[in-house]
1. Which residue, of 228, 169, 159, is within 17 Å of the chain's Cα centre (by Cα) and over 24 Å from residue 90 (Cβ atoms)?
2. What residue, among those in the stretch 95-136 that are surrounded by 22 or more Cβ atoms within 10 Å (Cβ to Cβ) and touching a Pro at 6+ places or on another chain (Cβ under 6 Å), is farthest from residue 49 (Cα to Cα)?
3. Applying the selection to the stretch 16-33, what residues are open to solvent by 40 Å² or more (accessible area, probe 1.4 Å) and either within 21 Å of the chain's Cα centre (by Cα) or farther than 18 Å from residue 76 by Cβ (or both)?
4. With respect to residue 145, is the statement that it is under 16 Å from the mean Cα position of the chain (by Cα) and in contact (Cβ under 8 Å) with a residue 40 or more places away in the chain true?
5. Kindly list, by first and then second residue, each pair from a residue in the stretch 160-176 that is touching a residue at least 12 places away in the same chain (Cβ under 8 Å) and farther than 17 Å from residue 191 by Cβ to a residue that is open to solvent by 70 Å² or more (accessible area, probe 1.4 Å) and in a loop (DSSP other than H, G, I, E, B), limited to pairs with Cβ atoms under 6 Å and residues at least 6 apart or on different chains.
6. Among (1) open to solvent by 40 Å² or more (accessible area, probe 1.4 Å); (2) touching a strand residue (DSSP E or B) at 6+ places or on another chain (Cβ under 7 Å), where does residue 92 come up short?
7. Which of the helices (runs of 4 or more DSSP H) contained wholly in the stretch 1-88 include at least 1 residues that are without any contact (Cβ under 8 Å) to a residue 40 or more places away in the chain and in contact with a Leu (Cβ under 7 Å, 6 or more places away or on another chain)?
8. Given the condition open to solvent by 30 Å² or more (accessible area, probe 1.4 Å), in contact (Cβ under 8 Å) with a residue 12 or more places away in the chain, more than 19 Å from residue 11 (Cβ to Cβ) and of a type in the set (Asp, Glu), answer yes or no: does some residue in the stretch 189-209 qualify?
Amino acid sequence: MNRLVLWNIDLTLVDVAIVTRDAYADAFRMVTGRPLVKLAPALGRPDSEIVFETLAVNGIVVEDHHLPRFLDALAVCFAERRDRLTKDGRVLPGAKDALKAVSRLDGVVQSVLTGTIKSNAVHKLKAFGLDKWIDVEVGGYGEEVYPKATLLQVAQGRAKAGYGAVFTAGNTVLIGDSTRDVQAAKIGGAAMIGVASGRSTAAELREAGADIVLSDLSNPSEVVAAVARLTTPADRTTP
């Protein structure tokens, strides 16, 4: 194995915002006994950060027990709604074909680098049949209280342990839709393919430093070519 491709999930592969918000509201009520008034925006951040800010903006004095309790409640509340994912959510154009096409590249391992906690990430992938191309055991997830750049390095370490290969900036690619994803790739040590399917525009992704920017994933050949270019040493050194 000599290529590691890490995918962001929300607004890169799927859009399940309605279900996520409902799960957050229910989890907030379970943990605090109060209704959720305002949910902190995701903005490419992990669930752990969103939980802290959501508690704060709703007037809750955050204590040590809040985060683990909220994440546990979020897992339960999301699982209870997993049957709604395909009804109230959608897989983004080309996502399934892109994953399938990239899986055919020689020596590729595909996983995720996501702000979503692991159990919920797995539900999202399985609901739309995307999990068959993803090794969820070597990914990085939102319950891990690390900056996303550090989480990228954690995922590289897990992939090394699982596959016996070294993954570095020369053979790791992050595919995501936000400028935070771009920052994580640049700091953590990976090439970056920005996909303008989320809240960051193509111009914002380029300005943040994405190596390649795609409008969406609807052209699998384009995605494969981008991954191959960024994980082939000779091509990485070509101006």
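1. Checking each option against the conditions leaves just 159.
2. Here the residue is 98.
3. 17, 18, 21, 22
4. So residue 145 passes the test.
5. Every condition considered, the pairs that remain are 163/1.
6. Evaluating residue 92 over (1) open to solvent by 40 Å² or more (accessible area, probe 1.4 Å); (2) touching a strand residue (DSSP E or B) at 6+ places or on another chain (Cβ under 7 Å) leaves (1) as the failure.
7. 17-32, 47-57, 66-79
8. No, there is no match, as no residue in the stretch 189-209 is open to solvent by 30 Å² or more (accessible area, probe 1.4 Å), in contact (Cβ under 8 Å) with a residue 12 or more places away in the chain, more than 19 Å from residue 11 (Cβ to Cβ) and of a type in the set (Asp, Glu).
The values are calculated or read from the model by the stated rules, or taken from the named source; none is laboratory data. All of these numbers come straight from a predicted model, not from anything done at the bench. Positions of Cβ are generated from backbone atoms using ideal geometry, with glycine treated the same way; all protein chains shown enter the neighbour counts. Just the protein is used for accessible areas: all its heavy atoms, side chains included, with ligands, DNA and RNA removed. Shrake-Rupley method; radii C 1.70, N 1.55, O 1.52, S 1.80 Å.
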